[in-house]
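Have a look at the structure below before the remarks.
The values are calculated or read from the model by the stated rules, or taken from the named source; none is laboratory data. Keep in mind that what you see is a predicted model, and the values were worked out from it rather than measured. Positions of Cβ are generated from backbone atoms using ideal geometry, with glycine treated the same way; all protein chains shown enter the neighbour counts. These area figures cover heavy atoms from the full protein model, side chains too; ligands, DNA and RNA do not enter into them. Shrake-Rupley method; radii C 1.70, N 1.55, O 1.52, S 1.80 Å.
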Amino acid sequence: MPANYNGTYNMISNENFESYMRALGIDFATRKIANLLKPQKVIEQNGDFFRMKTISSFRNYSTEFTVGTEYEEETKGLDNRKCKSMVTWDSDKLVCIQKGEKKNRGWKHWLEEDELHLELTCEDAVCKQVYKRAP
Ligand code: YOG
């Protein structure tokens, strides 16, 4: 039985988002706006199938994948690149590798009680975000 990530989570902390965005080549003005956002993650999970939505007042981003199956990801509204992405389980952690133009790109999710943790990596930048389950 895989871990259950189903739920809606609100951002409570966001470290190094600026360096992550710089590594992705996001322009100054967009970074200033994005840095002020407190997005929400909405996760729908059915076994190994996931729909993940990142929702904010500025832009939304949505991805769907099956764990263990490589998929074409287009980061529309973010840095607008194409990646060959693949998510795998590392025990109860979800680990995504995003192969493409940017080296060392990916993310990891894990749960700690009512918190959803996310580490976003691009090149040498690591952003750490924590979300709390919405009441
Ligand atoms: O999430 O890959 O949870 O897809 C990362 C933003 C900001 C737009 C968000 C909008 C990267 C301008 C998704 C913020 C910065 C800045 C809300 C990260 C790029 C552009 C959409 C992500 C995974 C894991 C699921």
Looking at segment 57-69, which of its residues are more than 8 Å from the ligand (Cβ to nearest atom) and surrounded by 14 or more Cβ atoms within 10 Å (Cβ to Cβ)? 65, 66, 67
Hey, could you check segment 105-135 for residues that are part of a loop (DSSP other than H, G, I, E, B) and touching a helix residue (DSSP H, G or I) at 6+ places or on another chain (Cβ under 9 Å) and say which is surrounded by the most Cβ atoms within 10 Å (Cβ to Cβ)? 105
Being closer than 17 Å to residue 132 by Cα, open to solvent by less than 60 Å² (accessible area, probe 1.4 Å) and out of contact with any strand residue (DSSP E or B) (no Cβ under 7 Å at 6 or more places or on another chain): is that true of residue 13 here? no
For a quick check of your reading of the model, give me the residue pairs whose first member lies in segment 98-121 and is near the ligand (Cβ under 10 Å from one of its atoms), whose second is outside any strand (DSSP E or B) and among the aromatic types (Phe, Trp, Tyr), with beta-carbon atoms closer than 6 Å and at least 6 apart or on different chains. 120/20
Which residue is farthest from residue 114 (Cα to Cα), if the candidates are limited to segment 16-33 and must be open to solvent by less than 50 Å² (accessible area, probe 1.4 Å) and among the small types (Gly, Ala, Ser)? 23
Of the residues that make up segment 76-83, is at least one in a strand (DSSP E or B), more than 9 Å from the ligand (Cβ to nearest atom) and either more than 11 Å from the chain's Cα centre (by Cα) or in contact (Cβ under 8 Å) with a residue 24 or more places away in the chain (or both)? yes
Restricting attention to segment 34-56, does a residue exist that is surrounded by 14 or more Cβ atoms within 10 Å (Cβ to Cβ), assigned to a helix (DSSP H, G or I) and touching a residue at least 24 places away in the same chain (Cβ under 8 Å)? yes
